[in-house]
Structures are given as C-alpha cells and as structure tokens.
Amino acid sequence: MSGGYAVSTPEITVVVPAKDERDNLPFLLDEIAAALSAWSFEVIVVDDGSTDGTADVLAEYGRDHGFLRVLRHDRSGGQSCAVRSGLLHARGRLLITIDGDGENDPAYMPELLAALQAGGPITGLAAGQRLGRKASFVKRVASRAANRLRGALLQDNTRDSGCGLKAIRTEVFKRLPYFDGWHRFLPALVLREGFQVTHVDIVDRQRRHGASKYGIFDRALVGVLDLYGVWWLRRRRRRLPQIEEVVMERHSAPAPAEERAG
C-alpha cells in the first residue's frame, strides 16, 4: 500500500505497544510504512496509558496517514496487555509486533514475513532474535540468564524470546492462552499448539529518545513465575491429533409437497 490510505481488509497488521513514546513514534511509523510499501497494511498503536502527550502526537500523525489506528488504555496494563489489545483488533491475515521504542528496526519486517510464508501453513511464528544488544550491562546479563533458563526448561529452540519483533499468523494467535508476560513466551506457546517456529537474526539498535517504561524486574522476577506456568501448560498438552472432517453421504432431500402433487 502506498500513499497512506486506509484499507478495510489489509494483508498485514502491525501492532505497536507504546507507553510514553511520543518522541520515538513518528519516525518509527515512517520506517514501518517504508518497510511494508509492497503490502497492504495497517498499524495499530496501543497507547498504554501514556501521560507524555503521546495521544496528541498520534492524533497529528493520523491526520495524514490513513494506515494508522490508535487504541488507548485508560491506565497502563503492561506490555503484554497492550500487545494483546492490538492483536484482538487486528484485521490482517498476518500479524507483526514491534516495540514502540524504536530499538527494533522495521527494515527486518519483509524478512520475517518471507520466513513465515516460506515455512508454509505449519509455521505459525517467525521470531526475531537480537544481535549486538544495546541495552545496559545489567539488562543484558539478566536477559541472557532468563533466556538460558527458559530454553533449558521449555526447549523452545529460541535464543532470544524477548525480542519484540515477530510475525505470526492470525489464526495461530487466536489459539494461544493469555496471561501477563505472555508475549515473552510466544515461541513455546506456538509450539504447544502444534505449529513450528522459525527465526530471523536482527541487529539491535539504540533508542533515540527516553528510557524503557517496562522495567527489568517485570522481566526478571515476575518472568520466573510465568516461566514455570508455561512449562506447566506445555506439560498438560499431549500430542495433538490430526483433525480431518468426515464427508457425509446424504440422501437427497424430498421434493416439496406441491412439486410432488404436480
């Protein structure tokens, strides 16, 4: 899609959770539009209770860009809640998530979509995995430890599940259970539903403005409880049977009474 016009049934929906990111969103939205210029798309920004004027910035941007839709939480519900709100309102057949801070580069979106489609219908998720993390030393250490523990426990074959840049099929998303912290375990949850996961390496970059609004303790301490919850969910899901609809042989319906009389 070009020209920024709205499409009622876009191929792709991009969901951007954002809390107090007024200075990062305009250039990020421009980059998304450039990356997806070959597709029909919409972008849903979920304003997660921002208080920095994010709503005003989005309203101004939306006047000239018909692809933008905005959802607003009356108070912050957290990143998982914001991602889910956007996905539930999406109209696209394929979904992309990306963080609102600009650290994920939208230029990798076509590569994610190509990987998802190349895998065929059995591939439910294409997950970005960050290279060259620009986060603080403490965050990098905490993230590395969490990923190692998650990988050992869940066996999801994913080096970096915390990367916000992912592409997922809409029908797969609708099958997934929801809980706070859910977005960090998408590979394991997709595998639980019997689909495959593919990965794309992306180069991390520094945010231009501000600091992270979703703290390290949300990711580290609460994440441990979430991890064991997902482990339990996967343990409770046995091998899924293949489903095949049975074609019924039916007798022809009797002719209406007036036709038989004639």
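Here are some residues: H65, H73. Which one is closer than 22 Å to E11 by Cα and either open to solvent by 10 Å² or more (accessible area, probe 1.4 Å) or in contact with a Ser or Thr (Cβ under 7 Å, 6 or more places away or on another chain) (or both)? Steps first, please.
Details: H73 fails: closer than 22 Å to E11 by Cα.
Result: H65 is the single residue among H65, H73 that is closer than 22 Å to E11 by Cα and either open to solvent by 10 Å² or more (accessible area, probe 1.4 Å) or in contact with a Ser or Thr (Cβ under 7 Å, 6 or more places away or on another chain) (or both).
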G53 vs. criteria more than 25 Å from G181 (Cβ to Cβ), small (G, A, S) and open to solvent by 30 Å² or more (accessible area, probe 1.4 Å) | no
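Taking the options R93, R72, name whichever one is under 22 Å from R169 (Cα atoms) and within 18 Å of the chain's Cα centre (by Cα). Spell out how you get there, then give the answer.
Details: R72 fails: under 22 Å from R169 (Cα atoms).
Matching residue, one of R93, R72: R93.
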Restricting segment 154-205 to residues that are acidic (D, E) and out of contact with any helix residue (DSSP H, G or I) (no Cβ under 7 Å at 6 or more places or on another chain), which is farthest from D105 (Cα to Cα)?
-> E171
For segment 84-104, how many residues are open to solvent by 10 Å² or more (accessible area, probe 1.4 Å) and of a type in the set (V, I, T)?
-> 1
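Looking at segment 20-48, which of its residues are of a type outside the set (A, V, I, L, M), surrounded by fewer than 24 Cβ atoms within 10 Å (Cβ to Cβ) and over 16 Å from the mean Cα position of the chain (by Cα)? Show your work before the answer.
Residues of segment 20-48 that are of a type outside the set (A, V, I, L, M), as a first pass: 20-24, 26-27, 30-31, 37, 39-42, 47-48.
Among the residues that remain, those that are also surrounded by fewer than 24 Cβ atoms within 10 Å (Cβ to Cβ) are: 20, 22-24, 26-27, 30-31, 37, 39-41.
D20, R22, D23, N24, P26, F27, D30, E31, S37, W39, S40, listed by residue number.
The values are calculated or read from the model by the stated rules, or taken from the named source; none is laboratory data. Treat the numbers as computed from the prediction; the structure is a model and nothing was measured. Cβ coordinates were reconstructed from backbone atoms using ideal geometry, including for glycine residues, and neighbour counts include every protein chain displayed. Ligands, DNA and RNA are excluded from the accessible area calculation, which covers all protein heavy atoms including side chains. Shrake-Rupley method; radii C 1.70, N 1.55, O 1.52, S 1.80 Å.
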